[in-house]
Amino acid sequence: NSWADSKEYLWFGEQFANGNYNPHWDVENHGLEGAPFIPLLIAIFIKLFGSPLWPFFVYNCLVTSIIPYVLYLIGKNIFSRKVGFCSAIWSIIYTDFFRYNIQLLREPTVYLFLPLTVLLIILSIKYRERIIYVIMSSITFSVLIHTDERYLFVGPLFLILFIIIKNISLIKRIKSSLLWLIFCTILALPMILRNYKVYDEIVLISPQTI
């Protein structure tokens, strides 16, 4: 259940805070099998505040408060202001977006960074591959896959979006897609190197991506 997952995230976060980046979870007899962002965030809060509980609650509240605006911008840029406004209203009353705020879980982060990545890619396409949006979307996508590694397999779809747009030359489209891929790879490199040291093979994000 979600509280058991919170307890596991907390334990791994505490291990990270103590400098142990290859911990073994004795309760279920495994190491870090999931994405590392939430345990790392918990470790940072432990280092800064002593306890991660209240800081993580505040973080979740901030993250979920941004979701309506992001969905509004997506609806506005794809369809119209009315669609964007309806999307924002729906997100406010959709309880799943904030029901996990009191727990140490990945859901609030995923709920924000997936649509935020989509929004930034839309803006990069709308404004003719403006580099800042390409870079920012690669950063948000990296946060997303380091929070939930299953979204790694959405990456090719995002790359296709850069390629199929028609408002700029093919060369610029290829450059933008390569830039996005390079930034994502650079940001994933620390975890890839850590996994190679632990598993003696190339593992993207976590063993679940093998």
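The values are calculated or read from the model by the stated rules, or taken from the named source; none is laboratory data. Because the structure is predicted, anything quoted here is derived from the model rather than measured. Backbone-built Cβ (ideal geometry, glycine too); neighbour counts: all protein chains shown. Surface accessibility is based on the protein's heavy atoms, side chains included, excluding ligands, DNA and RNA. Shrake-Rupley method; radii C 1.70, N 1.55, O 1.52, S 1.80 Å.
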- Take every Cα-Cα distance within the chain, group them into 10 Å bins from 0 onward, and report for each bin the whole-number percent of pairs it holds. 8, 30, 33, 21, 7, 0
- Message: Quick check: at a probe of 1.4 Å, how many percent of the accessible area of the chain sits on carbon and sulfur atoms?
- Response: 68 percent
- Report, ordered by chain and residue number, the lysines lying within cross-link reach of LYS126, taken as a straight Cα distance under 21 Å and ignoring same-chain residues fewer than 8 apart. LYS76, LYS82, LYS166, LYS172, LYS175
- Could you calculate the FRET efficiency of ILE132 with LEU62 from 1/(1 + (r/R0)^6), where r is the beta carbon distance between them and R0 is 25 Å, rounded to 0.05? 0.65
- Compactness summary of the range 46-92: radius of gyration and Dmax from Cα atoms, Å, are 15.1, 46
- Ranked by GNM mean-square fluctuation in the chain (Cα springs under 10 Å), the top entry among TRP25, TRP180, TRP11 is TRP25
- Just read off the accessible area of ILE135 with the full protein assembly in place, 1.4 Å probe, to the nearest 10 Å². 40 Å²
- Express the accessible area of the chain per residue in Å², computed with a 1.4 Å probe while the remaining protein chains stay in the model. 56 Å²
